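Report on one structure; see the data block that follows.
A short reminder: the numbers here are calculations on the coordinates, not readings from a lab. Bear in mind that the values here come from a model prediction, so they are computed numbers and not experimental data. Glycine also receives a Cβ, built like all others from the backbone with ideal geometry; neighbour counts cover every protein chain displayed.
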Amino acid sequence: MQTLTGKVCLVTGGTRGIGRAIAKTLLERGADVAICGRTQDAVDEAVAALALETGGKVAGKAADVKDHAQVGQLFQFVDARFGGLDVLVNNAGVGFFRPISELSIQDWRDTIETNLSGVFYCTKEAVARFGARGGGHIVTISSLAGKNSFAGGAAYNASKFALTGFSEAVMLDARNENVRVSYVMPGSVATEFSGKASGQDWKIWPEDVAEIVRMLLEMPERTLISRVEVRPSRPKR
Ligand SMILES: NC(=O)c1ccc[n+]([C@@H]2O[C@H](COP(=O)([O-])OP(=O)(O)OC[C@H]3O[C@@H](n4cnc5c(N)ncnc54)[C@H](OP(=O)(O)O)[C@@H]3O)[C@@H](O)[C@H]2O)c1
């Protein structure tokens, strides 16, 4: 088993939901963790809470993953604060769920630029740093919407289907350099993602996704879990 103690991890979209749960779990396992979100206030609030809850080394910077320049500045911040990078968790994501007749150009751009281009920008920055550490691990939070289309999901499905091709190609590019690439495809998770904060007990909890990410990262180095599908055991009927 690999240890997370002292590893430097960056979790995009760590201000709430799944990303925040992942950041907390990694801190509890002894990792140093950086997070981002789009506003400094939300990042500061999450960093303070995570530090209080875990006593771990956590820092954060506002960065919009849609913006290549802001992504570069985020990684420079991690370099300056922690001196390197071992793990990238591509978690930041958005969803606009409307039929094609109502889906705007802006909805499409926001979805593809966050869920797909943002993952590309962050992955490039991470891979460029892993050589100096002798390797690294990238975990991308995709979705079962990356294999199952649904009405109203044109932009979101397109972004998450694309992540499968992207992640698997990068995995094949980089695995011989000791860079491991995994993606997780959760079904419904109890977060504010779809706007509903209550009545979600039947869903996967963010802490459960965090536990899966921990397991992926702690697998022995010889073994790579490249894809995980995860669903509520008893979906609401
Ligand atoms: N909830 C589900 O049912 C579900 C199921 C499968 C997969 N997923 C995936 O899991 C991931 C996390 O979702 P969640 O449910 O935790 O959603 P959430 O509660 O809405 O959290 C989304 C996170 O992403 C950040 N974010 C959004 N756009 C960003 C951008 N352009 N740049 C930087 N950060 C950005 C948000 O931060 P700020 O708002 O502070 O910027 C927030 O921290 C997403 O990729 C989503 O597609 C969710």
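Structure summary
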read-out: Interchain or long-range residues, amide H under 5 Å from Val181's placed H; value: Ile138
read-out: For segment 1-70 and segment 195-216, distance of Cα centres in Å; value: 17 Å
read-out: Cβ-derived FRET efficiency at R0 30 Å, Glu102 paired with Arg231, nearest 0.05; value: 0.60
read-out: Relative contact order [Cα under 8 Å, 6+ residues apart], the chain, whole percent; value: 21 percent
read-out: Within a Gaussian network of the chain (alpha carbon springs, distance under 10 Å), most fluctuating of Gly19, Gly95, Gly165; value: Gly165
read-out: Distant-in-sequence amide H partners of Gly60 (H built 1.01 Å from N, under 5 Å); value: Ile35
read-out: Integer Hz, Karplus 6.51/-1.76/1.60 couplings in order for segment 89-104, x for Gly and Pro; value: 10, 7, 10, 3, x, 9, x, 10, 10, 8, x, 4, 5, 10, 6, 7
read-out: In sequence order, calculated HN-Hα J values of segment 216-229 (Karplus, 6.51, -1.76, 1.60; Hz; x Gly/Pro); value: 4, 6, 8, 4, x, 4, 6, 10, 10, 8, 8, 8, 10, 9
read-out: Filtered chymotrypsin sites (Phe, Trp or Tyr not before Pro), segment 1-110: DSSP coil and at most 15 other beta carbons within 10 Å; value: none
read-out: In order through segment 178-189: 3J(HN,Hα) via Karplus (6.51 cos²θ - 1.76 cosθ + 1.60), integer Hz, x for Gly, Pro; value: 6, 9, 9, 10, 10, 9, 10, 10, x, x, 5, 10
read-out: Under 5 Å, built H, 5+ apart or other chain: amide partners of Gly152; value: Ile100
read-out: Full-stretch length increase - Lys196, Arg81 - with 0.36 nm per residue and alpha-carbon distance subtracted; value: 37.8 nm
read-out: Gyration tensor over alpha-carbon atoms, segment 57-123, equivalent ellipsoid semi-axes in Å; value: 29, 10, 9
read-out: Nonlocal Lys pairs with alpha-carbon distance under 28 Å, segment 8-230 (8 or more apart, or different chains); value: 23
